[in-house]
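Contents: one structure, followed by commentary.
The values are calculated or read from the model by the stated rules, or taken from the named source; none is laboratory data. Because the structure is a prediction, the values reported are computed rather than measured. Here the Cβ positions follow ideal geometry from the backbone for every residue, glycine too, while neighbour counts run over all protein chains shown. What goes into the accessible areas is simple: the full protein's heavy atoms, side chains included, and nothing from ligands, DNA or RNA. Shrake-Rupley method; radii C 1.70, N 1.55, O 1.52, S 1.80 Å.
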Amino acid sequence: MKRRDFLSLLGATLVSPPNVSFAQAPAPGTGTPPLRIVVVANTSYEGDGLMAVLCNKWARNLKLDVPGDMVWPRPVADVKAVPVVQVDPRPRCRITAKAQTGDTKASIEIWCLDDLMDKNINHGFSDNKATAMDAIKNYAPSGQVLGPPDGVVAFGTAAFPDIVPYDGCATVGGTIYVRDAHMDGPGEHSNWSWAGFDKLIPSNTPALFFKNVLADPLTALTINSELLTVPNNPAQKARLIFAADGVAVSSVNIPRDTPYALVDQKTVTAAQQAGATNVTSVETTHGVIRAQWADKPFIYVTAISNRIAHFPDEAQGNYAQEFASVHNAAIALNHIMPHFVAALGPA
């Protein structure tokens with residue numbers, strides 16, 4: 001049986017072209033500091049679903065230690081509250097991870113943009129999201145400012161650009177396309193800018209990552225066996241969609257009250273015109289995260305909660321739909337992370 005046929009039996013879609021701090025501490029037995037990897041979720045419910053998996057002893061990958069330096073759950077920052085609740089500029093937790101193969105270790109920081117913004121500002125504005133990530137850049141545990149991350153993971157929910165439902169699937173890829181949508185409606189909008197607008201921005205992640213996950217059917221089997229079924233318009237089978245040529249498209253500076261249906265389709269079309277052949281994630285934030293560390297290895301791990309143009313009727317405000325889809329993406333991240341660590345380590 002060919003490997004691709006075997007993977008199809010697993011239900012995977014794999015597509016690939018030819019309370020302890022370990023951050024910046026020497027890895028035992030190696031004398032070298034662990035890699036720094038930042039995982040950035042957008043909303044609190046996305047971050048909560050991710051934490052639910054990482055803190056669950058049944059779900060957590062054995063190559064990921066128990067989360068430490070835990071600052072979760074936390075109160076919502078509110079400068080108008082009495083007493084005032086300030087933004088806590090720390091990750092939700094840090095986790096030491098071992099590589100799938102080899103001796104490389106990493107300190108993984110789990111961040112959430114909602115945590116890093118006061119409740120009284122617009123969390124949907126792209127410039128506020130970018131500013132919030134200053135906390136990640138300036139993070140200084142024990143007074144020591146860390147260097148830039150060795151790897152970046154954008155994590156969140158998105159639409160899938162197909163009328164066929166993929167709701168509940170998890171997608172992984174590396175390339176980003178960002179379109180400025182400020183002209184798509186009359187409402188108030190942010191004015192975030194980046195030199196990477198309107199072009200395909202490659203991952204910078206070593207090809208070994210995609211190759212090794214593709215060559216490891218047990219990872220796909222494990223992920224697919226742990227996925228939940230969403231209640232609204234679920235995929236025929238919730239599964240991992242892993243693609244080295246996958247593209248996440250992000251619409252930024254969206255005017256207030258402008259329907260996503262209009263904006264999203266424009267951005268998908270623009271990305272395809274720029275050369276994207278496999279769009280697997282349609283949302284608003286992955287590109288803003290990518291832009292903060294443009295030269296670093298990057299992947300996105302996306303929870304598909306709805307079809308394109310169907311956010312209002314399939315996912316918006318629906319706890320079960322959003323939690324199940326986020327859980328599934330967290331399961332995917334949980335099991336591919338050791339491969340990411342290995343790919344970023346020494347050859």
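Remarks
- Set of aspartates and glutamates with alpha-carbon distance to Lys211 below 14 Å, sequence-local pairs under 8 removed: Asp245
- Overall shape: rounded for the chain, with the ratio a/c of the largest to smallest alpha carbon gyration tensor axis below 1.5.
- Of the solvent-accessible surface of the chain, computed with a 1.4 Å probe over protein heavy atoms with every protein chain present, carbon and sulfur atoms account for 55 percent.
- With Cα atoms as the point set, the radius of gyration and Dmax of the stretch 56-211 evaluate to 18.4, 54 Å.
- Nearest-0.05 FRET efficiency for Asn191 and Asp162, computed from C-beta distance (R0 25 Å): 0.20
- The stretch 125-212: C-alpha gyration tensor shape, a/c 1.5 cut-off, then a/b vs b/c: oblate
- Proximal lysines to Lys119, defined as alpha-carbon separation beneath 23 angstrom and excluding residues fewer than eight positions away on the same chain: Lys80, Lys129, Lys137
- Paramagnetic label zone (point 7 Å from Cα along Cα-to-C-beta, Thr229; backbone N under 19 Å) in the stretch 163-205: 164-170
- Charge dipole (Cα centre; +1 on Lys/Arg Cβ, -1 on Asp/Glu Cβ; no other charges) of the chain amounts to roughly 940 debye.
- Arg179 exposes around 30 Å² of accessible area when a 1.4 Å probe is run over every protein chain in place.
- Backbone HN-Hα couplings from phi across the stretch 175-184 [Karplus 6.51/-1.76/1.60, Hz, Gly and Pro as x]: 7, 10, 10, 10, 10, 7, 9, 5, 8, 7
- Here the label points at Asn122 and Ala59, each 7 Å from Cα along the C-beta direction, are separated by 3.2 nm in the simple model.
- Straight-distance crosslink candidates among lysines, where the alpha carbon sits under 18 Å from Lys266 and sequence neighbours closer than 8 are dropped: Lys199
- The antiparallel fraction among DSSP beta bridges confined to the chain stands at about 30%.
- Three-way shape label, the stretch 194-316, alpha-carbon gyration tensor, a/c 1.5: oblate
- Debye intensity ratio I(q)/I(0), log10, the stretch 252-347, q values 0.24 Å⁻¹ (C-alpha model): -1.39
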